[in-house]
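Read through the structure below, which is laid out as structure tokens, and then see the notes.
Only the coordinates and a few stated rules stand behind these numbers; no lab work does. Values in this document were obtained by computation on a predicted structure and should not be read as measured data. Virtual Cβ from ideal backbone geometry, glycine too; neighbours counted across all protein chains shown.
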Amino acid sequence: MRVAFATMGQDRIDAHFGTAPAFAIYDVNPDSARYIGIIHLPEQFADDDKIEGRAEVLKECTVVYCAQIGGPAAARLVQQNIQPLKVNGGTSIKDELKRFQTMLKGNPPPWLRKRLAEE
């Protein structure tokens, strides 16, 4: 399962979805998390319809973690089958990966169970 993290650097979830300069991408399963790379967004993603552009760049991701996200942006991501998750700004990506893996191993929420069944 591919997971993205809105980041100003590479090690913390510290950016708003709509203004994040980059997304760190990982392949995650219950037993491992493999770093895929970082997607740096070009300047044009700061324009009016940045949500659609960002959703397109993240289309292979199942989950996008961010420090903040607006309601309309979250709704558009869900329409694209990307689940936005908001965490406290500054949360370590490594720590959140561990929490996500624990959720995968345990009793995941219904939206995640559905996505796991699709894969």
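Shape analysis of the chain yields a ratio of the Cα radius of gyration to the Kirkwood radius, Rg/Rh, of 0.94.
Couplings 3J(HN,Hα) of segment 36-42, computed from phi: 9, x, 10, 9, 8, 8, x Hz, in residue order, whole Hz [Karplus 6.51 cos²θ - 1.76 cosθ + 1.60, θ = phi - 60°; x for Gly and Pro].
Using only the alpha-carbon atoms, how far is helix 93-105 inclined from the longest principal axis of the chain? Give it as 0 to 90 degrees, nearest 10. Helix 93-105 and the main axis of the chain meet at about 40 degrees.
Given a Förster distance of 30 Å, report the FRET efficiency between HIS40 and ASN107 from their Cβ-Cβ distance, rounded to the nearest 0.05. Can you show the working numbers first?
Details: r = 36 Å, r/R0 = 1.20.
E between HIS40 and ASN107, to the nearest 0.05, is 0.25.
The count of lysine pairs in the chain with alpha-carbon distances below 20 Å, taking only pairs 8 or more places apart or on different chains, stands at 9. 5 Å is the cut-off here: which amide hydrogens, built 1.01 Å from N in the peptide plane, fall below it relative to TYR65, excluding neighbours closer than 5 in sequence? Under 5 Å from the amide H of TYR65: ALA4, PHE5, ALA6, LEU85. Taking all Cα pairs closer than 8 Å and separated by 6 or more residues, the relative contact order of segment 2-118 comes to 29 percent. Using the average count of surrounding beta-carbon atoms within 10 Å as a protection proxy, the listed peptides 30-40, 74-84, 96-106, 2-12 rank, highest first, as 2-12, 74-84, 96-106, 30-40. Taking Lys and Arg as +1 and Asp and Glu as -1, the other residues whose beta-carbon sits under 15 Å from that of ARG113 total +1. Working note: Karplus 6.51/-1.76/1.60 with θ = phi - 60° gives segment 73-88 the couplings 5, 4, 4, 5, 5, 4, 4, 8, 6, 10, 8, x, 10, 9, 10, 4 Hz, where Gly and Pro are set to x.
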